[in-house]
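**Student:** Have a look at the structure that comes next, please.
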Amino acid sequence: MTTYRVCCFLRRFRPASNEPSEAIGDVFEAYAGADGGGSALGEEALRRFLREVQGEAGDDDVEAAAREVLAFAAEHRLLKKGGGLTVEGFYRWLCSDANAALHPRRGVHHDMGLPLSHYFIYTGHNSYLTGNQLSSGCSEAPIAKALRDGVRVIELDLWPNAAKDDVEVLHGRTWTSPVDLMKCLETVKEHAFVSSPYPVILTLEDHLTPHLQAKVAKMVKETFGDLLHLSESEAMPVFPSPEDLRGKIIISTKPPKEYLETKSSKEEAQNGSAEEESVWGDEIPDNKAQVATARQVSEKDTERYVEEDEEMEKKVQQGVNGEYKSLISISLTRRKHDMDQDLKVDPEKVSRMSLGEAAYEKATITHGSEIIKFTQRNLLRIFPKTTRITSSNYNPLMGWRYGAQMVAANMQGHGRKLWLTQGMFRANGGCGYVKKPDFLMNTDKMFDPRSKLPVKTRLKVTVYMGDGWRFDFRKTHFDKCSPPDFYARVGIAGVVADTMMKETKVIMDNWIPTWDHEFEFPLSVPELALLRVEVHESDNHQKDDFAGQTCLPVWELRSGIRSVRLYARDGEVLRSVKLLMRFEFS
């Protein structure tokens, strides 16, 4: 029995059971019984299960999968004497990482030989910040973590130090403490290709005089050496491919004297963002003290910083350092503040453009097809609006729906919007580059994510059960007086028509909840759909407790009964917590 003390009394609860849910037991019996005995799953019954439930197609695939299951069972001594998989062995294999929802050994499988503009790219924003945008510290540590997590675009803001004789990395005109540029460059070099062999794009927000630009050029060349990709000409007719750029670091920034390309950030700050909050739900709160500190800074202060930044740029961006300019392989286009002009495609030259979140959202309403056409050849980076001082994020699908490759995220921010970014880049082996769907590259008919589209497929999701919280959390973490009351939320993030969220019932007082709950999601654009999964602990008196989440690319889900690992709020994987779910496409 599990006991909880309430005042001077003890409450006793049935201990957590390791037994599979009734629905899983029924699946086992259906196939084991067909084999004759009913107490073990023989090889032929296992092959039928792999073909009919797990969706393995072709004799070779079925045979390979069967060998893997039997090898797992043999290794863990889960085979019955005389042969066959026991019900315990069947259940343990289903819950193992070998049976994960995304194939654990598939790796990179997209065509990586196309121009960079054909891919969504895992992009960071203010990559050096440890917390909020106004008062946190700057460090090389978050850069290292981002690269280890698969991020391929790192942003550094370069400013002169107080003596104007050296370069610092910090969020300018704020209270953030600086970090030395050389530390950041050495960190990029050390961690660039730990998680992926594909190129790292280093975007520089440059507030430097020509003298300091020359100093940066020397530091970059000496640090990166042969890793640095240098373009042969200033005007590229087409971008190279990720495969062409394997193991390379690429510098992207505005050519000197072209820094002020965006509208006033005051305008960005004053524009809201229309988000589907009724579907998304409120963000999981961040209890860190730094958030409270950041919120003490008024919007007026933020606007003042912007004005000072712009004034400084007018003073320091004079002259051109040739060595610095030669580093720039991907130039940032100077905006004309006219969307018709900004989104005009130059057939002779490709470039990158940056848009603030609010300006971009307006542009999707008036110039949606032009954005898609622009991003078929050029790179578009979208960055969070200035009022996100707590390092929160925006809905990245807002960018991906129109083909924007570089949807920049505050990796230090956490929350539901960042979970989507992390989910998207679990695709293609987690290499940081995900090939865009073909319809976003179609030049004959421009995709319109706002139009009413026919249902292309239906995804049926069954949430059977979950386990692992009892190992990763204290007995009283969720409730001091009883075992937790878990429920699961399952939904889709994608185009607006596909976006929805549903819930299971609450399972009371149980560390191993069994829901056996089935959902169905009609999908008009499965190529942009992400499966959202969250588990919460119901609390009648306070806000429900967060108990884990994951986000998975629908187009890479494996059919059948699969194991799904959950992650903490900060995106770190929970050591033991998993759900057992089933995915069926029709």
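Nothing in this text is a laboratory measurement; each read-out follows from the coordinates by a stated rule. This one's a predicted model, so the numbers in the text were calculated from it and none came from an experiment. Note that we place each Cβ from the backbone using ideal geometry, even for glycine, and neighbour counts take in every protein chain shown.
**Student:** Using the alpha carbons of the chain, what is the convex hull volume per residue in cubic angstrom, as a whole number?
**Tutor:** In the chain, the Cα convex hull volume per residue is 169 Å³.
**Student:** Enumerate the whole-percent occupancy of each 10 Å bin, from 0 to the last occupied one, for all C-alpha pair distances of segment 1-99.
**Tutor:** 15, 41, 22, 10, 8, 3, 0
**Student:** Still on this structure, please answer the following. Could you estimate the translational diffusion coefficient of segment 452-585 from the Stokes-Einstein equation, with Rh from the Kirkwood formula over C-alpha pairs, at 25 °C and 0.890 mPa s, in whole µm²/s?
**Tutor:** Details: Rh = 15.4 Å.
D = 160 µm²/s.
**Student:** Label Ser326 and Met500 with points 7 Å out from Cα along Cα→Cβ: what is the distance between them in nm?
**Tutor:** 5.9 nm
**Student:** What does segment 479-556 give for Rg and for Dmax, in Å, if only its C-alpha atoms count?
**Tutor:** 14.4, 45
**Student:** Let me have the relative contact order for the chain, percent, based on Cα pairs under 8 Å that are six or more residues apart. Don't skip to the answer; put the middle values down first.
**Tutor:** Numbers: 1183 pairs, mean separation 92.6, N = 586.
Contact order relative to length: 16 percent.
**Student:** About its Cα centre, how strong a charge dipole does the chain have in debye, to the nearest 20, once Lys and Arg get +1 and Asp and Glu get -1 at the Cβ?
**Tutor:** 560 debye
**Student:** So, one more: Rounded, prolate or oblate, given the Cα gyration tensor of segment 123-165, with a/c below 1.5 counting as rounded?
**Tutor:** Since a/c reaches 1.5 and a/b is larger than b/c, the shape of segment 123-165 is classed as prolate.
**Student:** Once Lys and Arg get +1 and Asp and Glu get -1 on their Cβ, which of Asn18, Tyr119, Val69 lies farthest toward the positive end of the dipole of segment 1-131?
**Tutor:** Comparing the listed Cα positions along the dipole, Asn18 ranks first.
**Student:** State which entries of Lys189/Lys218; Lys145/Lys435; Lys248/Lys436; Lys373/Lys502; Lys183/Lys248; Lys218/Lys254 exceed 26 angstrom in Cα-Cα distance in the structure shown.
**Tutor:** Pairs exceeding 26 Å: Lys373/Lys502.
**Student:** Loop only per DSSP, at most 15 neighbouring Cβ atoms within 10 Å: give me the GluC sites (Glu not before Pro) in segment 485-586, ordered by residue number. Working shown, then result.
**Tutor:** Working: sites: Glu503, Glu518, Glu520, Glu527, Glu534, Glu537, Glu556, Glu572, Glu584; in loops: Glu572.
Sparse-neighbourhood loop GluC sites (Glu not before Pro): Glu572.
**Student:** Next question, about the same structure. Rounded to the nearest 500 deg cm²/dmol, what is the calculated helix-only ellipticity per residue at 222 nm for the chain, with -39500 (n - 2.57) per DSSP H run of length n ≥ 4?
**Tutor:** So the helix-based figure for the chain works out to -8000 deg cm²/dmol.
**Student:** Are there trypsin sites (Lys or Arg not before Pro) in segment 60-128 that DSSP puts in a loop and that have at most 13 other Cβ atoms within 10 Å, and which ones?
**Tutor:** Within segment 60-128, the qualifying trypsin sites (Lys or Arg not before Pro) (loop, at most 13 other Cβ atoms within 10 Å) are Arg77, Lys81, Arg105, Arg106.
**Student:** Obtain the nm distance between the two label points defined at Val53 and Ser586 by a simple spin-label model: each point lies 7 Å from its Cα along the Cα-to-C-beta direction.
**Tutor:** 1.8 nm
**Student:** If we count every other residue with Cβ under 9 angstrom of Leu102's Cβ, Lys/Arg +1 and Asp/Glu -1, where does the sum land?
**Tutor:** Working: positive: Arg106, Arg426, Arg558, Arg562; negative: Glu556.
Residues near Leu102 contribute +3 overall.
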